[in-house]
Amino acid sequence: MIIAAALAAVCVGCSSPAKEQGLKDVYADYFKVGVALKPENMNPAEQALTLREFNSVTCENVMKPGEIHPAADVWNFAKADSIADWCRANGIKMRGHCLCWHNQFAMWMLSDEEGNPVSKEVFYERLREHIHTVVGRYKDVIYCWDVVNEAITDDDVAENPFRQSFLYELCGDEFIAKAFEFAAEADPEAVLFYNDYNSFLPGKRDRIAAMVRDMQARGVKINGIGMQGHCNLEVPTAENLSDAIDTFASIVDHVQVTELDIRVNREFGGQLNFSHEGETVSDSIIALHVAQYERFFRVLREHKEQIDVVTFWNLSDKDSWVGTANYPLLFDTELEKKPAYEAVTKF
Ligand code: XIL
């Protein structure tokens, strides 16, 4: 068997051609390469593309609290199971996303049956049960969890480093410690991540670093920092990316890029779903897109000892949450490789 596999790999023009290499093979000596999937991707063509290119999978939405647990006694496991079962059958390990976030949250946890706000103690009981159920169900296939997502402010001049969300209003920063505590109880083996966007920007990077250090000093188990990586043609710079990886790797054992895409729209925020109907992306923009992917992966390769996994946020431009016209990923709407694929794989 081993000899046959070796022969197949070097066989040129024979009847069973060598298996096409994917990102996961090109980066085998560097880090794993992952992808965020939706249940709609569970079709033969997209499953084949995933198997060829990737060796880690995240559910884009269907494991988020508001999706999987929309009411106290309602659990929607079927969509998450469709992806998890396929990963189990194909020997692919998953990242869990996510257990506690102010968006797509199980809002029922915050109020009683009359609609009055609950105490933080009641909230913690509900969050604990939620985390134990979800983490327990998938612990055979999920190797790490984004336990808390986006709890730090973007505001560089704010006195308070925390996002002023309903979670913070009810609990202060204690909800972060509690979520990690519940996740560690539910699966002592799992790598537990704090995950956030714009974490390459020095101000936010330092607020995240300070928060994680402070939690660790209080005995909270946080052993991963996820840099989401929703980028544009200029942000991050190579220097900012490199510095952020070094900073986070000095605090935790596991640093990952968890949600990579590079949009061609230069504006962050407001125009997230960039949709210039009928407009095509010009050659000069494609060149900038290629250059940013090339730069980004060059820095990642230089930091291969510190980076575990790099996950793309969606499989192809067809599915991207920033919109097809943002041209964000390595595969086009027909699932074909784009110019940036070459930039990432030829080095
Ligand atoms: C996004 C999904 O891709 C969208 O489909 C959904 O409508 C909103 O959330 N940060 C995160 C991800 O941690 O969960 C978000 O995913 C993108 C930003």
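Each reported figure results from applying straightforward, stated rules to the coordinates on display, with no laboratory input. Remember, it's a predicted structure, so these values are computed and weren't measured experimentally. Glycine gets a Cβ as well: all are built from the backbone with ideal geometry, and neighbour counts include every protein chain shown.
How far is helix 283-302 tilted off the main Cα axis of the chain, in degrees rounded to 10, range 0 to 90?
Long axis of 283-302 versus the principal axis of the chain: about 70 degrees.
Quick one: helix 174-186 against the long Cα principal axis of the chain, what's the angle to the nearest 10°, folded into 0 to 90?
Its long axis makes an angle of about 60 degrees.
Over the chain, what relative contact order in percent results from Cα pairs under 8 Å that are six or more residues apart?
Across the chain, relative contact order equals 15 percent.
Cut-off 10 angstrom, C-alpha nodes, Gaussian network model of the chain. Which of 333, 133, 280 fluctuates the most?
280
Add +1 for every Lys or Arg and -1 for every Asp or Glu among the other residues with Cβ under 14 Å from the Cβ of residue 225, and state the total.
It works out to a net charge of -4.
With loop defined by DSSP as not H, G, I, E or B, and exposure as at most 12 other Cβ atoms within 10 Å, which is the longest segment of the chain clear of exposed GluC sites (Glu not before Pro)?
Segment 21-112 is the longest.
By a straight-distance test (C-alpha under 18 Å), which lysines pair with residue 120 as possible cross-link partners, with residues fewer than eight away in the same chain excluded?
Cα-Cα hits under 18 Å: 178.
Classify the chain as rounded, prolate or oblate, taking a ≥ b ≥ c as the square roots of the eigenvalues of its Cα gyration tensor: rounded when a/c is under 1.5, otherwise prolate if a/b is larger than b/c and oblate if not.
Here the chain falls in the prolate category.
Counting Lys and Arg as +1 and Asp and Glu as -1, what is the net charge of the other residues whose Cβ lies under 14 Å from the Cβ of residue 183?
0
Could you list 241, 110 in order of exposure, starting from the residue whose Cβ has the fewest other Cβ atoms within 10 Å?
110, 241
With angles folded into 0 to 90 degrees, how steeply does helix 238-249 sit against the dominant principal axis of the chain? Use alpha carbons for both and round to 10.
The answer is roughly 50 degrees.
Taking residue 19 as the anchor, which aspartates and glutamates have their alpha carbon closer than 12 Å to its alpha carbon, excluding any fewer than eight residues away along the same chain?
Answer for residue 19, where 12 Å is the Cα cut-off: 53, listed by chain and number.
As a footprinting exposure proxy, order 139, 346 by other Cβ within 10 Å, with the fewest listed first.
Final ranking by Cβ density, sparse to dense: 346, 139.
Residues with amide H under 5 Å of residue 173's amide H, sequence separation 5 or more or different chain, H placed in the peptide plane at 1.01 Å from N; which?
Excluding prolines and chain starts, which carry no amide H, there are no hits.
Rank the residues 167, 23 as a footprinting-exposure proxy: fewest other Cβ atoms within 10 Å of their Cβ go first.
Arranged by neighbour count, lowest to highest, 167, 23 become 23, 167.
Which one of 331, 180, 312 has the biggest mean-square fluctuation once the chain is modelled by GNM with Cα springs under 10 Å?
331
If you scale each eigenvalue of the Cα gyration tensor by 5 and take the root, what three semi-axes come out for the range 35-127, rounded to whole angstrom and sorted largest first?
Semi-axes from the Cα gyration tensor: 32, 12, 10 Å.
With 25 Å as the limit, write out which pairs from 64/318; 24/337; 38/304 have Cα-Cα distances beyond it, or answer none.
Cα-Cα > 25 Å for 38/304; rest within.
Can you run phi through the Karplus equation (6.51, -1.76, 1.60; θ = phi - 60°) for the range 63-80 and list ³J(HN,Hα) in whole Hz, with x for Gly and Pro?
Working through the residues one at a time gives 9, 5, x, x, 8, 8, 9, x, 8, 3, 10, 10, 10, 9, 8, 4, 5, 5 Hz.
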